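Student: Structure in structure tokens, see below.
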Amino acid sequence: MRYEIFGGNLPAVTIHLDNGEAVYTQSGGMTWMSAGMKMDTNVKGGLFRGLGRMFSGDSMFMATYSATEHGQYITCASTFPGNIVVLDMAQGPFVIQKSAFLCAQPNVDLKLYTGNKIMAGLFGGEGFIMQILSGEGLAFLEIDGSVKEIDLAPGEKLKVDTGNVAAFEQRVKYSVETVKGFKNILFGGEGLFLTTVEGPGKVWLQTMTVPNLAQKLLPFMPIKKDD
């Protein structure tokens, strides 16, 4: 399997497949594909896995695309301006924010992840449920805005604004703490909570979040006036 990422800030990935090779995406994840590709929509991993994906913001159904002859390809595009990150499961497992999954090879497993602390799930910026990728092969993530990969040393800590942690190796410690100081809470503009990640391990940070962008655009949205 070969792949090509293109498109700048509106990225897409084209995956080249030989006969019998396949990738899967969430329902509706295909942008275009060659004529020698076969599509099979299913609840990958069973009903409970499907319900879990739906609960975490993805589609209950997954679509598997298989090449029926050599030299085929499929393209999957990001749904938001940003970047596409490739994760090799040989270096995993990886915990990812909900809705980050774009596509993966069939032996990559995608399921729910809640972590060890309820606080991190409730206030970590991505809802109560995150997702975890494991297994074998490559997975492709869509990251909002620009992406920064940081390799944390053992014991090294990094404090991150809520929602800007896009993914991290499972061995990275992930927790949430309250912002210190009454004035900081009221006037600091960072909200009540900060996420803390602690090494060893890699983290992927994103410069933009969909909720923050929506909040910035809200004052410019037209308001319907009552007659």
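Derivation of every value follows stated rules applied to the coordinates shown; laboratory data play no part. Bear in mind that the values here come from a model prediction, so they are computed numbers and not experimental data.
Student: Give me a comma-separated list of calculated 3J(HN,Hα) values for segment 78-83, in order, Karplus coefficients 6.51, -1.76, 1.60 applied at θ = phi - 60°, integers in Hz, x for any Gly or Pro.
Tutor: 5, 8, 8, x, x, 9
Student: Which far-off residues, 5 or more places away or on another chain, put their amide H under 5 Å from the one on THR31, with H placed in the peptide plane?
Tutor: Counting only residues 5 or more places away or on other chains, the set is THR75, CYS76, ALA77.
Student: Per residue, how big is the convex hull around the C-alpha atoms of segment 127-171? Give it to me in cubic angstrom, could you?
Tutor: Roughly 127 Å³ of hull volume per residue.
Student: For GLY135, list long-range residues whose amide hydrogen, built 1.01 Å from N in the peptide plane, is under 5 Å from its own amide hydrogen.
Tutor: Correct list: ASP109.
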